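Below is one structure, written out as structure tokens; comments come after it.
The values are calculated or read from the model by the stated rules, or taken from the named source; none is laboratory data. Bear in mind the structure is a predicted one, so any value in this text is a computation, not a measurement. Neighbour counts are summed over all protein chains in view; Cβ atoms, including those assigned to glycine, are modelled from backbone coordinates with ideal geometry.
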């Protein structure tokens, strides 16, 4: 059976996407794109995200020969983990709207194929995949109800789905609170919060494992298993700060401040962190992992 849907096949209807009251679309277009930071993202985040991706693939029980879809693959860490489990007789595809991220994923090799696509309009026929994973991407969905409908559409009956999301209190740990404090010396709290809400609209919602379980059940997923798992990520202090600078809030700040003030902000954040934290940093994170099947 062909993987891809014909162009004349109609996609499911789409719900309206949320908009912010503070920023218009023109202002938001550049800082929300991952294209310009793909190489840095791959270097700084992929090793840690890959640890969670490996756990998701285990939850999915991927076997040799399975067809696996990695939604929001980024630089491909989840797709490569799935491809290792599916083996050469399987098929693994990673999709992402960012062509910059997909280019970085393709350069890494490892077996998967990649396609530029969004979660609400997947270019695949109904029931194409045996397994589906979404590693730290569901909080980014513009409309999560439409996205989950589409994900389940391309999953076979009896197929398994697994997702991850950052756990509760992510912005309350000392490292992120300190970085945000420095950022708020340069931009108002309300503006930075609006940026975060626009870029990752469901981060708080899916940090609650009970809410995530209810959302998956409402979408049609059954026999849902869910857990809050603890991880320790270790990074050099400069790398950790560089990682914050390529988050949506960091990208917005760079665009809003301009070159001179941006360098002032970067110097200030490094000064504060050098005074308060040793290097390397131990970054302790809670992650919600969930898995279930399509009946």
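Just to be sure I understand, how many residues within segment 216-241 are within 27 Å of residue 100 (Cβ to Cβ) and assigned to a strand (DSSP E or B)?
Residues flagged as within 27 Å of residue 100 (Cβ to Cβ) and assigned to a strand (DSSP E or B) within segment 216-241 amount to 4.
Take residue 52 and decide whether it is over 30 Å from residue 195 (Cα atoms), at pLDDT 95 or above and either part of a helix (DSSP H, G or I) or in contact with a helix residue (DSSP H, G or I) (Cβ under 8 Å, 6 or more places away or on another chain) (or both).
Taking the combined requirement at face value, the residue does not satisfy it.
Quick one: residue 255 ticks every box in (1) more than 24 Å from the chain's Cα centre (by Cα); (2) assigned to a helix (DSSP H, G or I) except a single one, so which number is it?
Among (1) more than 24 Å from the chain's Cα centre (by Cα); (2) assigned to a helix (DSSP H, G or I), residue 255 violates only (1).
When only residues in segment 182-195 that are part of a helix (DSSP H, G or I) and without any contact (Cβ under 8 Å) to a residue 12 or more places away in the chain count, which is surrounded by the most Cβ atoms within 10 Å (Cβ to Cβ)?
Going through segment 182-195, the residues part of a helix (DSSP H, G or I) turn out to be 182-183, 189-195.
Still in the running and without any contact (Cβ under 8 Å) to a residue 12 or more places away in the chain: 189, 193.
Working: 189: 11, 193: 15.
Residue satisfying both the conditions and the ranking: 193.
Against the conditions (1) at pLDDT below 95; (2) farther than 22 Å from residue 152 by Cα, where does residue 44 fall short? Just the number, please.
Residue 44 satisfies every listed condition except (1).
For segment 59-175, which strands (runs of 3 or more DSSP E) that fit wholly inside it have 3 or more residues that are touching a residue at least 40 places away in the same chain (Cβ under 8 Å) and either surrounded by fewer than 20 Cβ atoms within 10 Å (Cβ to Cβ) or touching a helix residue (DSSP H, G or I) at 6+ places or on another chain (Cβ under 6 Å) (or both)?
On the way: elements: 67-71, 91-96, 113-116, 129-135, 155-166.
Hits in segment 59-175: 129-135, 155-166.
Of the residues 205, 244, which is part of a helix (DSSP H, G or I), out of contact with any strand residue (DSSP E or B) (no Cβ under 8 Å at 6 or more places or on another chain) and under 22 Å from residue 145 (Cβ atoms)?
Values: 244 fails: under 22 Å from residue 145 (Cβ atoms).
Of 205, 244, the one residue that is part of a helix (DSSP H, G or I), out of contact with any strand residue (DSSP E or B) (no Cβ under 8 Å at 6 or more places or on another chain) and under 22 Å from residue 145 (Cβ atoms) is 205.
Looking for whichever is in a helix (DSSP H, G or I) and at pLDDT below 95 here; the options are 198, 266, 270. Which one fits?
Details: 266 fails: at pLDDT below 95; 270 fails: at pLDDT below 95.
Only one candidate qualifies: 198.
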